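Worksheet: one structure, shown below.
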Amino acid sequence: MSREPAHKIASASGRLLHYGLSVLSGLMLGFSFPPSQLGVLACFGLVPILIVLSDFNRIKPALRHVYVSMMVFHVITLNWTGGYEHGNDVYMMIAGGVTMLVHPLFYFLPFGAYLYIKKYLGGGVAILSFPFVWIAYEYSHSLSEWSFPWITIGNSQTYDISAIQYISFTGVYGISFWILLLNVIAFVLYSGLSHGRFKPLSQRSLLLIGLFIVVFIVPRWHGAAILANVPKNMAGKKVTVGIVQPNIDPWEKWKRNSFDVARIYLEKTRGLLEQQSPHPDVVLWPETAIPEFLLLPSRQSLLDTIRNELARLDVSVLTGVQHAVYYEDSSLAPPSAKRSITGQRYDVFNAAVFIQPCTIEIPWYGKMKMVPIAERVPYPDAFYFMDFLRWGVGIGGWQIGPSQVLFTEKKSDARFATLICYESTYPGFVASFVRKGAEFISIITIDSWWGRMSGAFQHQRYAILRAIENRRWIARCALGGISGFIDPFGHEYNNTELFTEAAIERTLERRTDLSWYSEHGDILAQILSLVGLIFVVTALGFKISRLRLGNYHVHN
């Protein structure tokens, strides 16, 4: 019987170990995200892949293992993007699969930078640089129309609010940096022990263990002190906010008569007002609650029906709608603008409008942060020929809203911002509304697109981060759940269940003070990113020096 040579067996077992560790990293990262409450896994989740990468000198084969690890991570955290639970939209299923297979390639940026630094500056400098180049990736990945901050690693820690109170200074990237520091300390400890550079009870080992414990615990001490001193009563001005969650099928609503849909919301708003005391100042309806171009003259009858009933009820409503803006001169329209049957060019917005009793003017806000491809092809004026890439359910091909808008409720004089769905995952964007004067924040969304898969739960948990970062109350209205309220310290109230009808209300404190993060935004992330860039540039400089030195020896 022939046998495999020993070196081939060792090589095969080594490859198996490497891929096994890569998968383990993906599993740990994936199960650290909501709805799993094992956020602590993220504090060690990168260690296995760092162990794998320490065995590679060449970047290309190392990145294969990075891809495997990040793909597993994506399959666990983003499996909901395809809507596979219900299978209502083939395009959604394809797009979800592409997201899980393609987006892991973005992680070649932080890992590639780490491997590049390791190659030219050595492993010690590389592991020191790793938290910085990772933050540089996460922050930069939130800036363009290709941005996708949904799986920022700091988003994994929302179930332990005592550990994340410091993000009122740092934003969510402070959590990411904290997680990366813990992973680096754990990896250095493992590496030193496994390579015999120090023993388990040596001074170095104990120092690293102590450092890990201190880094792990200090945020919790800080957070516990903050939460222990939260005022029991709201001292400032107040506003009462109602939420209507009708649980209308998000697929079928686009086919229904808009008057019938409006009547459902009006009846539930009436019921909320009859049941609740105090009377809500503002009632929220969800994203595209009225699947119509409500402000167009051709829809005046529908708008009048809604306005007349709200005047009778004496309540203001913020609702999601479609909104269209037509260009009088079509030559001024961008290439991505749509064309009507008459040839006139126009843009369509995923919008929110604020309707108040006895008020003629209806301010509107157009969503500014879009889900890439699904809602808007990035940079459509350059790639307008790809506009066919969209869902087939009345959404997609949106234009970016022209500006940020704050709404003011007349009776209470309360000023607030509304975020439409995906926008709530952008920390700096949300903080900019608070800087403009938002006293509380509303979020309107659908979320029931995804069934009971993890997407709705993740989206709801991320709102906790925005509340703590900005020290603002958040009122969250979702078509089929999860709706509810979050206070400025991350405590949740009145959370509804998925796929249920609900009408809830709560009195919120209107706050005008700015947290350090609200005032200064992502300055920490920018500084950390700059440090990461310096590491990469230094490695590039060493590479150029080597090449020049090599050329010198060749020619001499």
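The values are calculated or read from the model by the stated rules, or taken from the named source; none is laboratory data. Since the model is a prediction, treat every value here as computed from it, not as a measurement. We place every Cβ from the backbone using ideal geometry, glycine too, and count neighbours over all the protein chains shown. What goes into the accessible areas is simple: the full protein's heavy atoms, side chains included, and nothing from ligands, DNA or RNA. Shrake-Rupley method; radii C 1.70, N 1.55, O 1.52, S 1.80 Å.
If you filter the stretch 301-326 down to residues that are of a type outside the set (A, V, I, L, M) and in contact with a Pro (Cβ under 9 Å, 6 or more places away or on another chain), you find that the one that is farthest from residue 283 (Cα to Cα) is 322. For the stretch 80-122, the tally of residues that are of a type in the set (S, T, N, Q) and without any contact (Cβ under 8 Å) to a residue 40 or more places away in the chain stands at 1. Scanning the stretch 396-427 for residues that are in contact with a Pro (Cβ under 8 Å, 6 or more places away or on another chain), outside any loop (DSSP other than H, G, I, E, B) and among the hydroxyl-bearing types (Ser, Thr, Tyr) yields a total of 1. Report whether or not residue 42 is under 20 Å from the mean Cα position of the chain (by Cα), within 24 Å of residue 124 (Cα to Cα) and part of a helix (DSSP H, G or I). Spelling it out, residue 42 is indeed under 20 Å from the mean Cα position of the chain (by Cα), within 24 Å of residue 124 (Cα to Cα) and part of a helix (DSSP H, G or I). Total residues in the stretch 339-361 satisfying the condition of being within 29 Å of residue 377 (Cα to Cα) and within 32 Å of the chain's Cα centre (by Cα): the figure is 9. In the stretch 25-38, the residue that is farthest from residue 73 (Cα to Cα) out of those that are open to solvent by 40 Å² or more (accessible area, probe 1.4 Å) and in contact (Cβ under 8 Å) with a residue 40 or more places away in the chain is 37. Of all residues in the stretch 267-286, those satisfying the criterion of being open to solvent by less than 10 Å² (accessible area, probe 1.4 Å) and not hydrophobic (A, V, I, L, M, F, W, C) are 269, 280, 286. Against the definition (more than 17 Å from residue 531 (Cα to Cα) and β-branched (Val, Ile, Thr)), how does residue 133 come out, yes or no? No: the conditions fail for residue 133.
Residues in the stretch 511-532 that are out of contact with any helix residue (DSSP H, G or I) (no Cβ under 6 Å at 6 or more places or on another chain) and more than 14 Å from residue 433 (Cβ to Cβ): 6 in all.
Quick one: would you say residue 11 is at pLDDT 95 or above and either part of a helix (DSSP H, G or I) or in contact with a Cys (Cβ under 8 Å, 6 or more places away or on another chain) (or both)? Criteria not met by residue 11.
The sole residue among 68, 133, 125 that is in contact with a Pro (Cβ under 9 Å, 6 or more places away or on another chain), open to solvent by 20 Å² or more (accessible area, probe 1.4 Å), touching a residue at least 12 places away in the same chain (Cβ under 8 Å) and among the β-branched types (Val, Ile, Thr) is 68. Exactly one of these conditions fails for residue 61: (1) in a helix (DSSP H, G or I); (2) open to solvent by 40 Å² or more (accessible area, probe 1.4 Å). Give me its number. The number of the failed condition is (2). In this entry, residue 198 is excluded by the filter for residues that are closer than 30 Å to residue 488 by Cα and not small (Gly, Ala, Ser). Of all residues in the stretch 195-220, exactly one satisfies the criterion of being of a type in the set (Ser, Thr, Tyr) and without any contact (Cβ under 8 Å) to a residue 12 or more places away in the chain, namely 202.
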